[in-house]
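Reading through the structure tokens given below for one structure.
The values are calculated or read from the model by the stated rules, or taken from the named source; none is laboratory data. None of these values were measured; they are calculated from a predicted model. Counting neighbours? That spans all protein chains shown, and the Cβs are built from the backbone with ideal geometry, glycine included.
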Amino acid sequence: MGEEKIVIFKDVDVAVPVERKFGHYAMPVAYILRKANEKSVDEITSEIRRAQSVRLDENEQVAGLTKLEKIVMAMPSFMQKLLLKLLGRNAFIRKKHFGTTAAMAVGMMGFDGWLLILGGHYTTQIAIGGIVKKIVKNDDEIEERDFLRLVISVDHDIIDGAPLARFASKLAEMLKNAAML
């Protein structure tokens, strides 16, 4: 077909759904946090809050679209899928329009059940669920602890199990110790 290669980006651009107001309605809209790897937790939180406060008119589905993107959004879905398949092969176009990874938080809606991520264009995606209380044995004592539900979805064609296990272990340790807060 063509030359297959892995592209590694220096920046982490995270696609996150943010709820925006459309007239009297609120709906989730994709927002991309550019260079999230260079931002603090406070900066990321502030940027998401600003993105949530943008009011869009009822004819707009996504803020900041180019004329070409608006034309594509108006196309029938079969044409959008074909275009996405063709353009989706270019990592730089995917990064521009979809980011390099995705994260979503459903825990704030009180959701504490199963989390499921369905594919996508990302090597890695994270879904953050609710916090649940569980009884655990800590040393020789029984205690109630808070547990955060977190799902990490990866493209196993690109990420091997061992580095993924190390990443997940490091992430769990950082969350447990409230790193960077």
Only residues in segment 93-113 that are within 16 Å of residue 147 (Cβ to Cβ) count as the first member; pair them with residues that are at pLDDT below 85 and in a loop (DSSP other than H, G, I, E, B), Cβ under 8 angstrom, at least 6 apart or cross-chain, and list the lot. 106/115
Quick one: count up the residues across segment 125-171 that are loosely packed, with under 13 Cβ neighbours inside 10 Å and out of contact with any helix residue (DSSP H, G or I) (no Cβ under 9 Å at 6 or more places or on another chain). 24
Please indicate, with yes or no, whether at least one residue in segment 18-36 is of a type outside the set (Phe, Trp, Tyr), within 23 Å of residue 151 (Cα to Cα), modelled with pLDDT under 70 and surrounded by 11 or more Cβ atoms within 10 Å (Cβ to Cβ). no
Pick from segment 119-157 the residues that are assigned to a strand (DSSP E or B) and under 11 Å from residue 101 (Cβ atoms): which of them is farthest from the chain's Cα centre (by Cα)? 154
Tell me, which residue of segment 43-66 that is at pLDDT below 75 and among the aliphatic types (A, V, I, L, M) is farthest from residue 18 (Cα to Cα)? 65
